[in-house]
Amino acid sequence: MTDAEVGPWVRRFVLGFLAAFVLCGLLSIEVWPLTGFRLYHERRGPQREDWALVVVDHTGAETGASLKALPVAYRTTTRLIADFPHRSAAGRDAVCAAWADALRARGREVALLRVYRATFDVRRDEEVSRRLRYECARERAP
Amino acid sequence: MSAPNAVTARLGTAAGSAEEWLFGAEEGRRFRAVQIGLAALLGLRVALGPYRDLAGQPAALFDPPAVLRWLPGMPPLAVLVALQAVGALAALLVLARVRPHAAFVVAWVALVVLAGLRASRGKILHNDVLLLLAAVPFLAATAGSSLRDRRRAVRFGWPVRTAMVVVCGAYFWCGLAKLVSAGPLWAWSDNLRYVLYAGGHGTRTHAPDLALFVADHGLAARLLATGVLTLELVFPLALVRVGLRPWFALGAAAMHASIWLLLGLDYWAWAGTAIVVLVDPAHLLNLRRLHRPQPRR
């Protein structure tokens with residue numbers, strides 16, 4: 001190893017980068033693209049919980065709404081619901097309004113959206129219970 | 001010497017040896033092969049990702065990682081397409097040896113921005129992180145080389161070896177996170193069965209019947225989970241055993257292929273990165289020559 005070939009700044013860069021890489025792994029820190037590498041790390045049980053987005057039409061009837069049917073830009077955004085307790089009512093409504101608008105643009109009749117926390121039996125692939133957590137994106141009178 | 005002093009001295013020696021290995025020499029052709037491989041992966045990820053479909057995302061849904069917090073919202077389609085074109089072109093320039101270092105930096109930045117935008121939908125995505133992190137040392141590696149360059153030098157060694165540490169470390173952290181979070185029961189319980197039931201009933205799996213078949217057979221699921229956890233935890237052995245590196249790369253590729261098949265999760269960039277960084281084509285060719293039967297005289 002010769003210092004003539006590896007300048008001090010390169011040495012500092014490499015050691016600094018590896019220190020950050022190790023620190024993030026060790027302490028499970030997420031500073032994307034640095035990451036704690038917590039991929040499928042939790043032990044799963046026979047039931048799983050997930051958010052269920054439901055459209056309520058003008059008759060009050062509920063039908064499920066999957067963001068998977070919307071463009072890529074919308075998919076996985078139900079994860080934003082976990083942050084709802086830290087958002088203002090206006091902030092939550094803005095997120096719901098974005099979903100409602102996209103659903104209306106695809107022909108769905110949306111009077112309001114309901115967000116449930118649903119529990120599924122993973123083996124039978126059945127929903128076993130649901131709790132209403134939010135109502136949002138209520139259509140305003142013309 | 002007192003016990004604490006002896007431990008400190010040993011740790012110091014070990015750190016010195018590790019640093020000496022990290023800044024050891026490699027052949028120029030090995031450096032170039034890894035640079036080409038990583039650039040090709042960067043280019044493919046940039047060109048093939050579904051980034052154009054991100055355009056038009058409402059501002060309320062934009063939730064970028066810290067590195068992109070300076071953006072006010074999802075960029076318009078023209079910007080996304082331009083980023084893809086520039087990133088893919090830069091990767092081609094690396095392959096063509098036209099300003100390879102600068103072009104590599106451009107391709108890396110393009111993927112950081114595009115993959116970061118893809119991860120701006122409420123969920124952090126790990127699909128590109130191994131490639132991005134393994135490529136980091138090459139951002140600072142200005143050495144010029146070719147695939148015929150047999151010179152051994154430190155300037156060719158440290159980028160390749162740092163990338164190897166990243167690949168081996170990443171798999172090890174994945175295994176350790178599982179062990180810390182769930183203990184050995186991550187593998188030796190019904191954990192993977194439930195993962196496979198959820199995946200097999202989902203829309204992304206490419207082999208729902210196979211996923212549900214493995215889920216229905218507890219021993220098969222436990223053996224599969226044990227294999228995954230063991231592979232991840234022993235991955236750092238590849239750093240010290242040169243002959244094991246292709247096998248670890250093969251193991252990683254098999255693991256990601258099975259995850260893609262059973263759960264539909266796209267981690268081919270991880271498999272590609274492991275192969276590019278760990279497999280030395282020249283070493284494999286030398287092994288073939290050594291094992292070729294010699295003609296009788």
Under the definition of partner shielding as Cβ atoms of other protein chains within 10 Å of a residue Cβ, what is the mean value for peptide A:68-79?
6
Backbone N within segment B:116-148 under 20 Å of label point (7 Å from residue B:89 Cα along the Cβ vector):
none
Calculated [θ] (222 nm, deg cm²/dmol) that DSSP helices of n ≥ 4 give over the protein assembly as shown, each run adding -39,500 (n - 2.57):
-18000 deg cm²/dmol
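If N is the number of residues in segment B:162-297, what value comes out of its Cα radius of gyration divided by 2.2 N^0.38 Å?
In units of the globular-protein estimate, segment B:162-297 measures up at 1.24.
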Among chymotrypsin sites (Phe, Trp or Tyr not before Pro) in segment B:10-114, those in a DSSP loop whose Cβ has at most 11 other Cβ atoms within 10 Å are B:70
Nearest-20 debye value, chain B charge dipole, Cβ charges on Lys, Arg, Asp, Glu
1280
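Determine the gain in length on full extension of the stretch residue B:78-residue B:98; use 0.36 nm per residue of separation and subtract their C-alpha separation, reporting nm with one decimal.
Extra length available between residue B:78 and residue B:98 comes to 4.6 nm.
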Furthest towards positive pole of dipole, B:188, B:88, B:225, structure part chain B, Cβ charges:
B:88
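How high is the FRET efficiency between residue B:230 and residue A:101 when r is their beta carbon distance and R₀ equals 41 Å, given to the nearest 0.05?
Numbers: r = 49 Å, r/R0 = 1.19.
The formula returns an efficiency of 0.25 here.
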If you build the Cα gyration tensor of segment B:1-51 and take the root of 5 times each eigenvalue, what three semi-axes come out, in whole angstrom, biggest first?
42, 17, 4
Separation in nanometres of the label points that stand 7 Å from Cα toward Cβ, at residue B:151 and residue B:67
3.2
Convex hull of Cα atoms in segment B:175-219, direction-averaged projection (nm²)
3.4
Return, in residue-number order, each cysteine of chain A whose C-beta is not under 4.7 Å from any other cysteine's C-beta.
A:24
Mean 1/r over all different Cα pairs, inverted: what Kirkwood radius does segment B:85-145 give, in Å?
12.2
So what is log10(I(q)/I(0)) for chain B at q = 0.10, 0.11, 0.12, 0.16 1/Å, when the Debye sum runs over its Cα atoms only?
-0.68, -0.81, -0.94, -1.33
With bins 20 Å wide starting at 0, give me the P(r) of the protein assembly as shown over every alpha carbon pair, in whole percents.
22, 51, 24, 3, 0
Label-point gap, in nm, between residue B:210 and residue A:130 - each point 7 angstrom along Cα→Cβ:
3.4
Compute from the Cα atoms of segment A:8-142 the Rg and the Dmax, the latter being the longest Cα-Cα distance, and quote both in angstrom.
20.3, 71
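Laboratory data are not the source of any read-out in this text; all were calculated from the coordinates shown. The model shown is predicted, which means the values in this text are computed figures rather than measured ones. Cβ sites come from the backbone with ideal geometry, for glycine too, and all protein chains shown count toward neighbours.
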